[in-house]
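First the structure, in the form of structure tokens, and then the observations on it.
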Amino acid sequence: MTRLSTAAYDQLPPSVGRKTFDRETLRPRIVHLGLGAFFRAHGMLYTEDCNGRDGDWGVVGASLQKPEQRDRLREQNFLYTATEIGKAGRRTRVVGNLLDVLVAPENPAVLVARMADAQTEIVSLTVTEKGYCHEPATGRLKFDHPDITVDLAQPHCPRSAIGFLVAALAARKAHGGKAFTVMSCDNLPRNGALLAGLVRELASAQDKHLADWISENVVFPSSMVDRIVPAQTAADLAAVAQETGLDDSAGISHEPFRQWVLQDQFRGTRPHWEEAGVQFVADVAPFEHAKLRMLNGAHSALAYLGYLAGHETVVDAVGDAPFAAYLQRLWNEEIIPTLAKPPGMALGAYAEQLLERFANPAIRHRTWQIAMDGSQKLPQRLLGTVRDNLRSGRSVRFLATAVAAWLRYVEGVDEQGAPIDVRDPLLQLIRERMNAVGSANIEAALSIDTIFGGDLRQSAVFTDAVKSAHASIVTKGVRQTLRSLLQT
């Protein structure tokens, strides 16, 4: 079958959507670090949708680790398909505003130069929580992180996302150029302020004058992004090939829903994203808290509980009555009470909408995929909510059950006795603590300050709830644990 490319573009059937702008007019005005499926199904589409006839906002993507994504896209002239899957069926479009993909380890200087180029107005990131090389509990840079030690030793040849940002900003400063806007699109609370602090920490360690220049000239708008984008399967790609008549090894799928809330704080020009539905606000915090705690927190809880019980996907888990009932009480009793209502957003209705989105049978979002890197995700998704409830004297039983399921998950065996391929940067440390006395040691695991801080282990309410839930999951299994929990 013919490969998707500019040469084969005219072969696409009329049912496949595409924009009418001339790709030759696009300029590399955005550099995006971490060009995974999410940004290609979210930020890329918003940007293309607002380009219109006269827009020239092209994107250069960057992989900080591996070349596979670049290799797939390069063979297709950086075109790819995005397929929306919902109740109304499937709608496929070809995305055309990606101009190039750079692979940082192959030549770090090339990526630094592209970021520092005068045409670049915005550098955005979706590098996941662990890509920030920070301690999730404190928000501080981990100077002993292997990538950060490389950035310090050779600042002109960085390895981490933070290192590339500092190197590119240093190049801008050295050449007398204006700063670009740095925009995090990752699921982290106050992601703009967090990223600003990490960049300044590394810059201060390299050059105090650079750190001062960054503080005075660089803006880091916070953002909240929302769209469920499952990992693509061979069956998904085969369906796209049948629809388009072309082979696309880089295609992505996504749900119909999308949302992007952005702090209206940019140093130079930006795309007219509002024309595509982006909401610009002065304060993103209420929106990001609602999304992080209600969607991402529920996703993580469902991933660990569901995986242990044998549910491969989110839709499988929410189709199991005790899991759906657990989610509803988690939202209503322990998450929503901690949230300030975002303008124009009803939290109860949002919870109902989330359950409907999770139950979309066309979106096969794997629990194993969501479960990865829990040590980096839990502080933002669950533990902040735990703290707020403890301060207010509310229950944390449903949250503690999710934490207990995570601890059981990282032990590496599901309820059927099958091994779990656990992916977590702190896996060795967690397992050492869990087996400190020859059996599961919850208190030792909760004493990992980089995850739980120094406070949660001191709360008898929280630690007792986690220990009780963990013991129940081990002896009775997840379903019976949830049934018992729901009866109280």
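Would you check if R357 is farther than 26 Å from G477 by Cα, under 23 Å from the mean Cα position of the chain (by Cα) and touching a residue at least 24 places away in the same chain (Cβ under 8 Å)? For R357, the condition - farther than 26 Å from G477 by Cα, under 23 Å from the mean Cα position of the chain (by Cα) and touching a residue at least 24 places away in the same chain (Cβ under 8 Å) - is met. Would you please name the residue that is modelled with the lowest pLDDT, looking only at residues in region 3-27 that are in the same structural domain as R90 (by TED's automatic domain parsing) and touching an Asp or Glu at 6+ places or on another chain (Cβ under 6 Å)? Among residues in region 3-27 that are in the same structural domain as R90 (by TED's automatic domain parsing) and touching an Asp or Glu at 6+ places or on another chain (Cβ under 6 Å), the one modelled with the lowest pLDDT is K19.
State whether the residues of region 56-66 include one that is of a type outside the set (G, A, S), in the same structural domain as F266 (by TED's automatic domain parsing) and within 19 Å of Q232 (Cα to Cα). There is at least one residue in region 56-66 that is of a type outside the set (G, A, S), in the same structural domain as F266 (by TED's automatic domain parsing) and within 19 Å of Q232 (Cα to Cα). Run K66 past the list (1) over 17 Å from M183 (Cβ atoms); (2) under 22 Å from the mean Cα position of the chain (by Cα); (3) not in a loop (DSSP other than H, G, I, E, B) and report the number of the one that doesn't hold. Among (1) over 17 Å from M183 (Cβ atoms); (2) under 22 Å from the mean Cα position of the chain (by Cα); (3) not in a loop (DSSP other than H, G, I, E, B), K66 violates only (3). Sort out which residues of region 162-216 are assigned to a loop (DSSP other than H, G, I, E, B) and under 24 Å from the mean Cα position of the chain (by Cα), and write them in order of number. Residues satisfying the conditions are F180, C185, D186, N187, L188, P189, R190. Condition check: crowded, with 19+ Cβ neighbours inside 10 Å, in the same structural domain as V59 (by TED's automatic domain parsing) and either hydrophobic (A, V, I, L, M, F, W, C) or not in a strand (DSSP E or B) (or both). Does R270 satisfy that? Yes, satisfied.
Is it the case that some residue within region 233-242 is at pLDDT below 95, assigned to a loop (DSSP other than H, G, I, E, B) and not basic (K, R)? Yes: one or more hits. In the set T481, T488, T450, T401, which member is modelled with pLDDT under 95, within 23 Å of M294 (Cβ to Cβ) and of a type in the set (S, T, Y)? That would be T488, the only listed residue that is modelled with pLDDT under 95, within 23 Å of M294 (Cβ to Cβ) and of a type in the set (S, T, Y).
Right, E48: charged (D, E, K, R) and either surrounded by 15 or more Cβ atoms within 10 Å (Cβ to Cβ) or not assigned by TED's automatic domain parsing to the domain that holds A161 (or both) or not? Break it down into steps so the answer makes sense when it comes.
Numbers: charged (D, E, K, R): yes; either surrounded by 15 or more Cβ atoms within 10 Å (Cβ to Cβ) or not assigned by TED's automatic domain parsing to the domain that holds A161 (or both): yes.
Yes, satisfied.
Of all residues in region 343-392, those being surrounded by 17 or more Cβ atoms within 10 Å (Cβ to Cβ) and at positive phi number 1. Of everything in region 393-411 that is over 20 Å from the mean Cα position of the chain (by Cα) and of a type in the set (F, W, Y), the residue that is surrounded by the fewest Cβ atoms within 10 Å (Cβ to Cβ) is Y409. Can you find even one residue in region 332-339 that is in contact (Cβ under 8 Å) with a residue 40 or more places away in the chain, surrounded by 22 or more Cβ atoms within 10 Å (Cβ to Cβ) and part of a helix (DSSP H, G or I)? Yes, that holds for at least one residue.
Number of residues in region 75-109 that are out of contact with any strand residue (DSSP E or B) (no Cβ under 7 Å at 6 or more places or on another chain) and either part of a helix (DSSP H, G or I) or charged (D, E, K, R) (or both) equals 5.
The values are calculated or read from the model by the stated rules, or taken from the named source; none is laboratory data. These numbers were taken from a predicted model, which means no experiment stands behind them. Every residue, glycine among them, receives a Cβ derived from its backbone with ideal geometry; neighbour counts consider all protein chains shown.
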